[in-house]
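Below is one structure, written out as structure tokens; comments come after it.
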Amino acid sequence: EGLKAFLPPPSRRGLVLIDPSYEIKTDYAKVATCIQDSLKRFSTGTYVVWYPVIPRPEAHDLPRRLKTLANQAAKPWLHATLAIGQDEARNVPGEEARGQGLTASGMFVVNPPHTLKLALAQALPQLVKVLGRGRGQGQALECGG
């Protein structure tokens, strides 16, 4: 909400990192609205949205909404996800990911730097190797615009 006061910045370049709590379901819609409004105020800015990949409809809908907004604004975008999976030795049958915390997250970038796609394409598989814990580990990278 306070972002409007800072946009546009004096410089023609800038990065905005958006990482709300996501504990309130409406946070997801607020992020999409924030991106939409911010692109009108500062269209050349780079916007990075971090979000948890959790079993909640709002979490799965957020990247789709952001893709639509970026495409409507004719802006390039990049979407990366990293899943470290679940340590099967710690799982109790019938209790999904008990005590394992967050096992996957995503990052959506509007107006990404031109080098980011290659950097993530190289880094994400290495992160899976180092951080991966078993079933469900993986990564994805897509871009458009």
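All of the numbers you see were taken from the coordinates with simple rules; none came from a lab. Only a predicted model underlies this, so the values are computations on that prediction, with no experimental measurement involved. Please note: Cβ atoms are built from the backbone with ideal geometry, for glycine as well, and neighbour counts cover all protein chains shown.
Observations
- Ranked LEU102, LEU120, criterion: other C-beta atoms within 10 Å, fewest first: LEU102, LEU120
- Sorted by Cβ density within 10 Å, fewest first, the residues LEU7, LEU69: LEU7, LEU69
- Selected from PRO10, GLY132, ASN111, residue furthest toward positive end of dipole (the chain; charges at beta carbon): PRO10
- Entries in LYS4/LYS75; LYS67/LYS117; LYS25/LYS117; LYS25/LYS67; LYS67/LYS129; LYS75/LYS129 that, when Cα-Cα distance is taken, lie over 25 Å: LYS25/LYS117; LYS67/LYS129; LYS75/LYS129
- Residue order, fewest to most surrounding Cβ atoms within 10 angstrom, among SER43, SER105: SER43, SER105
- Read-out Cα Rg over 2.2 N^0.38 Å, derived from the coordinates shown; its label in (i) 1.14; (ii) 1.10; (iii) 1.03: (i)
- Magnitude of the charge dipole, the chain, Cβ model with Lys/Arg +1 and Asp/Glu -1, debye to 20: 520 debye
- The convex hull built on the alpha-carbon positions of region 17-65 has an orientation-averaged projected area of 3.3 nm².
- Here the contact order of the chain, divided by its residue count and restricted to Cα pairs under 8 Å and six or more residues apart, works out to 27 percent.
- With helices as the sole contributors, the chain gives -11000 deg cm²/dmol at 222 nm; each DSSP H run of n ≥ 4 counts as -39500 (n - 2.57), and the sum is divided by every residue.
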